[in-house]
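Participant: First the structure, then my questions, so here it is.
The values are calculated or read from the model by the stated rules, or taken from the named source; none is laboratory data. The model shown is predicted, which means the values in this text are computed figures rather than measured ones. Quick reminder, even Gly has a Cβ in these numbers, built from the backbone with ideal geometry, and neighbours come from all protein chains shown. Heads up: the accessible areas ignore ligands, DNA and RNA and are worked out on the full protein's heavy atoms, side chains in. Shrake-Rupley method; radii C 1.70, N 1.55, O 1.52, S 1.80 Å.
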Amino acid sequence: MSDPASPGREDNCRTDVPARPPGRLDGSRCSVQALARADSSIATASPVSRWLLIEQPGPWGRQALLDSRFDAEVAPLLAERAARAGVRVLLVRRPGDRLADSGRRWGYADSRPGREGLWWSVRSSDADLLTAPWDGSVGEAAPGQTYLVCTHGGHDACCALRGRPLARALPTPGPADVWECSHLGGDRFAANLLVLPYGFYYGQVPGDGGLVVAAHDRGQVALPWLRGRAGVAAPAQAAQHYAREELGLLGVDDLAPLGVTPLQSDGAEAERWEVTLAGTAGSVVVVTVESRPAPEAVRLTCQAVRPGRVRTWHHLALATRRSDP
C-alpha cells in the first residue's frame, strides 16, 4: 500500500491535511472568461453512457481515483476494468462532507434508452468493485433523479469554486439525491451538473440550480443550460438542441436520434451532417448541422499552458415530415 504522504503526491491528495484552498473566482478563471465570451456548451456531453460511482470522501487529486484514499493497489486495476467495459468512474461524496467517514456506497448507472437506472450497493472493501457486476443486477434502485455536481478542485479550481456552492444549495427532494463528484469534463462551463439516470449534462448552471431540478421534476430538460445527453453522438446532440428550441419539445425522451449521415461541406475545415430525429405523431425531424473551428484559440481550463481551439455547432436547416411506413 502506498503512503499517501509520500514524496511526489500533491498536498491536496493527502488525508492528514485539508485540501489547499482553490483560490478566488476572478477574471483569470476559465469559467469567468468563457461566460464573458458567451462560449456555447451545446453538444459537449460525454460519449460514455454508463458510470461507476464510488463514495470516497476526503481530498481528490488531479486523477481522482488514483489520487485519493481509495485503495492504491486496487485503483489501477479498477481503472483498467472500467476502460475495457466502457464505464466511466466517478468519485462521489456528500456536499460539504469532504472529510467525513464514508458509508462505502457504490453505484452503477446506465443512461442508455430503455435501460435507464441507478443502483446503489455497499462494499466491504474497495477490491469488491473488481468483481461486482456492473449491469444493474445488484443493489437498490434509486427512485427519481440523482444530481451529480462536479466539485473537483484538484482538476480545475472553477469546478470547486462554482460547484461546491451549487451542490450545497441544489433544491432536490432529499439529501440523498445530490452528490459532489469528480471531473465531468468541460471545466470552463462550471458549474457542471449531471442528471442521472438519463445522463443529461448541464453547464454554467446559475443560482441554486432550482430551474434545472424543476424541469426534471416535470420530466423535461432545462434547455438554456443543457450541454447534451451522454452517449449521443455530438452531431445528434446539436440537432436535438436546435430542434427542441424550434419545436418546443422538451420532454426527456423527445426527439430520439434515428440516424446521422455525413454530408459534403463547403469549407475544408467545416463538417456537416444530416440528423434524423423521432418527431411526434409518427413524424420525423430532419436537422442539418455544421461544425467548424472557433475563430480563435482560447484558454480552455485554468491550468492550460497554452490556448486551444474548439469546434462550434451551427444549425443550417430543419424540416418535419411523415415517417416512412
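Participant: Run down GLU269, GLU274, GLU245 and say which single residue is in a loop (DSSP other than H, G, I, E, B), among the charged types (D, E, K, R) and more than 22 Å from ALA191 (Cα to Cα).
Facilitator: From the options GLU269, GLU274, GLU245, the qualifying one is GLU269.
Participant: Still on this model: When region 291-325 is examined, which residues are found to be over 29 Å from ARG29 (Cα atoms) and without any contact (Cβ under 8 Å) to a residue 60 or more places away in the chain?
Facilitator: LEU316, ALA317, ALA319, ARG321, ARG322, SER323, ASP324, PRO325
Participant: crowded, with 18+ Cβ neighbours inside 10 Å, at positive phi and touching a strand residue (DSSP E or B) at 6+ places or on another chain (Cβ under 8 Å): is that true of GLY107 in this structure?
Facilitator: Judged against the criteria, GLY107 is not a match.
Participant: Take the conditions surrounded by 24 or more Cβ atoms within 10 Å (Cβ to Cβ) and either without any contact (Cβ under 8 Å) to a residue 60 or more places away in the chain or farther than 29 Å from GLY153 by Cβ (or both) and apply them to ALA214. Does it pass?
Facilitator: no
Participant: Follow-up question, since we're still on this one. Could you grab me the full set of residues in region 248-270 that are out of contact with any Pro (no Cβ under 6 Å at 6 or more places or on another chain) and surrounded by 16 or more Cβ atoms within 10 Å (Cβ to Cβ)?
Facilitator: LEU249, LEU250, VAL252, ASP254, LEU255, PRO257, listed by residue number.
Participant: Let me ask you something else. Out of TYR202, TYR198, I need the residue that is open to solvent by 40 Å² or more (accessible area, probe 1.4 Å), closer than 24 Å to LEU166 by Cα and of a type in the set (Phe, Trp, Tyr). Which one?
Facilitator: Within the list TYR202, TYR198, the selection yields TYR198.
Participant: Can you name the condition, by its number, that GLY86 falls short on among (1) at pLDDT below 95; (2) touching a strand residue (DSSP E or B) at 6+ places or on another chain (Cβ under 7 Å); (3) surrounded by fewer than 15 Cβ atoms within 10 Å (Cβ to Cβ)?
Facilitator: (1)
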